[in-house]
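The values are calculated or read from the model by the stated rules, or taken from the named source; none is laboratory data. Because the structure is a prediction, the values reported are computed rather than measured. For neighbour counting, all protein chains shown are included, and Cβ atoms are generated from backbone atoms with ideal geometry for every residue, glycine included.
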Amino acid sequence: MGCISHIKSVWNGNEAIARFTPRSYHTAIPGYVYGGLLASLIDCHGTGTAAAAAYAAAGREPGTAPYLRFVTASLRVNFLRPTPLGPELIIHGRVKEMAGRKVVIEAWIEVDGETTVQGEVVAVQVPERMLADLRDQHNR
């Protein structure tokens with residue numbers, strides 16, 4: 001699961017992990033990854049983690065129909081230190097709270113074992129009728 005085309009969130013039963021290697025154009029200050037990309041990674045991985053956790057809670061394999069999709073209701077990102085450009089980023093996501101359609105995910109990004117970004121994503125499950133409406137619109 002993932003919403004940025006170059007990351008895939010993988011659920012291991014307790015948390016989801018994704019890996020991403022920024023490219024040279026993912027920079028604002030030479031040598032460092034720009035904050036907007038880091039926030040997007042936290043956001044996308046957070047919703048992917050929420051979906052994986054929801055599938056696990058339902059005893060289902062990820063990606064099976066009916067699909068469980070989540071959108072971001074709230075995003076908080078704290079930049080702890082500059083994130084260097086070059087090394088692979090490891091994005092972690094763990095369920096902090098799960099109640100009804102809402103899942104709160106704590107997420108963080110590590111580079112060479114050091115946490116550079118922390119975040120929290122409040123994700124809300126998209127109702128099945130809305131997914132059906134979107135599919136219908138797409139198929140017209």
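Tabulated data
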read-out	value
Candidate set from the range 86-100 (those that are closer than 15 Å to residue 33 by Cβ and out of contact with any Phe, Trp or Tyr (no Cβ under 6 Å at 6 or more places or on another chain)); member that is surrounded by the most Cβ atoms within 10 Å (Cβ to Cβ)	91
Hits in the range 14-46 - residues which are farther than 13 Å from residue 110 by Cβ, among the small types (Gly, Ala, Ser) and in contact (Cβ under 8 Å) with a residue 24 or more places away in the chain	16, 24, 31, 35, 39, 40, 46
Counted residues, the range 107-129 - those being among the acidic types (Asp, Glu), touching a residue at least 40 places away in the same chain (Cβ under 8 Å) and under 19 Å from residue 77 (Cα atoms)	1
Qualifying positions in the range 124-140 - surrounded by 15 or more Cβ atoms within 10 Å (Cβ to Cβ) and either modelled with pLDDT of 95 or more or of a type in the set (D, E, K, R) (or both)	124, 125
Selection status of residue 16, part of a helix (DSSP H, G or I) and either of a type in the set (Phe, Trp, Tyr) or crowded, with 19+ Cβ neighbours inside 10 Å (or both)	no
For residue 67: the one exception among (1) assigned to a strand (DSSP E or B); (2) loosely packed, with under 15 Cβ neighbours inside 10 Å; (3) in contact (Cβ under 8 Å) with a residue 40 or more places away in the chain	(1)
Set 103, 77, 117, 121: member being touching a His at 6+ places or on another chain (Cβ under 9 Å), assigned to a strand (DSSP E or B) and buried (at least 17 other Cβ atoms within 10 Å of the Cβ)	121
Residue match in the range 47-60 (condition: in contact (Cβ under 8 Å) with a residue 60 or more places away in the chain and part of a loop (DSSP other than H, G, I, E, B))	no
